[in-house]
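The values are calculated or read from the model by the stated rules, or taken from the named source; none is laboratory data. Nothing here was measured: the structure is a model prediction, and the numbers come from that model. A quick note on method: Cβ atoms are made from the backbone with ideal geometry, for glycine too, and the neighbour counts reach across all protein chains shown.
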Amino acid sequence: MTAIAWDFPTPFVLHMTPQAADIDGLNHVNNAVYVRWCEQTGWAHSEHLGLSLADYKRLDRAMAIRRGAYDYLLPALLGDDLQLATWLTASDGKLTMTRSFQLVRSRDHQTLMRGHWELVCIELTSGKARRMPSEFCDVYGAVLVGERGA
């Protein structure tokens with residue numbers, strides 16, 4: 001079988017297997033589960049890069065979701081072997097970043113969902129938008145990839 005056609009190079013990937021609690025009345029994975037999986041994958045990627053929740057608290061800064069969008073293309077079913085990839089795909093280097101997601105079914109490499117988050121850096125103590133600290137720019141900037149298909 002051919003390799004997965006990831007939307008961007010060098011994905012950070014977590015494997016997911018839908019459980020009974022993830023299945024809704026239509027007998028497929030509920031859309032809220034995809035959102036939860038994206039959150040888990042985004043945090044795992046950040047921690048893999050060296051920025052954890054503890055670092056966010058120490059720096060009094062966080063990348064908060066300003067907008068999330070998800071395109072549900074095909075259903076995921078109970079027991080499917082899935083791969084959820086994420087990338088940081090844009091940043092202004094000051095205040096905002098974009099994180100993209102692609103969920104692929106392992107057995108046939110079909111893309112089931114694509115999503116992206118528009119993120120803004122906030123000061124945790126005030127909740128107000130603030131410039132990204134140099135640690136964010138250095139760590140996250142080093143793994144930025146371009147637009148899909150570029």
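Before moving on, here are some points about what is shown:
- Yes/no for Arg67 being crowded, with 17+ Cβ neighbours inside 10 Å and either among the polar types (S, T, N, Q) or more than 12 Å from the chain's Cα centre (by Cα) (or both): no
- Scanning segment 81-97 for residues that are at negative phi and among the small types (Gly, Ala, Ser) yields Ala85, Ala90, Ser91.
- Among (1) touching a His at 6+ places or on another chain (Cβ under 8 Å); (2) under 24 Å from Arg130 (Cβ atoms); (3) not basic (Lys, Arg) - the single one Gln83 does not satisfy: (2)
- Single residue of segment 110-125 satisfying the filter (surrounded by fewer than 16 Cβ atoms within 10 Å (Cβ to Cβ) and of a type in the set (D, E, K, R)) that is nearest to Asp92 (Cα to Cα): Glu118
- Residue in segment 39-48 that is in contact with a Pro (Cβ under 6 Å, 6 or more places away or on another chain) and either β-branched (Val, Ile, Thr) or in contact (Cβ under 8 Å) with a residue 12 or more places away in the chain (or both) present: no
- Looking only at residues of segment 81-107 that are touching a Cys at 6+ places or on another chain (Cβ under 9 Å) and of a type outside the set (Ser, Thr, Tyr), we find that the one that is surrounded by the most Cβ atoms within 10 Å (Cβ to Cβ) is Leu103.
- Elements of type strands (runs of 3 or more DSSP E) contained in segment 36-117, each with 3 or more residues being within 20 Å of Ala20 (Cα to Cα): 82-91, 96-105
- Of the residues making up segment 126-137, just one is under 15 Å from Asp55 (Cβ atoms) and exposed (fewer than 12 other Cβ atoms within 10 Å of the Cβ), namely Ser134.
- The condition of being farther than 30 Å from Ala3 by Cβ and out of contact with any Gly (no Cβ under 7 Å at 6 or more places or on another chain) holds for only one of Gly127, Gly42, Gly79, Gly50, that being Gly127.
- Qualifying residue in segment 138-148 (condition: part of a strand (DSSP E or B), out of contact with any Pro (no Cβ under 9 Å at 6 or more places or on another chain), crowded, with 18+ Cβ neighbours inside 10 Å and modelled with pLDDT of 95 or more): no
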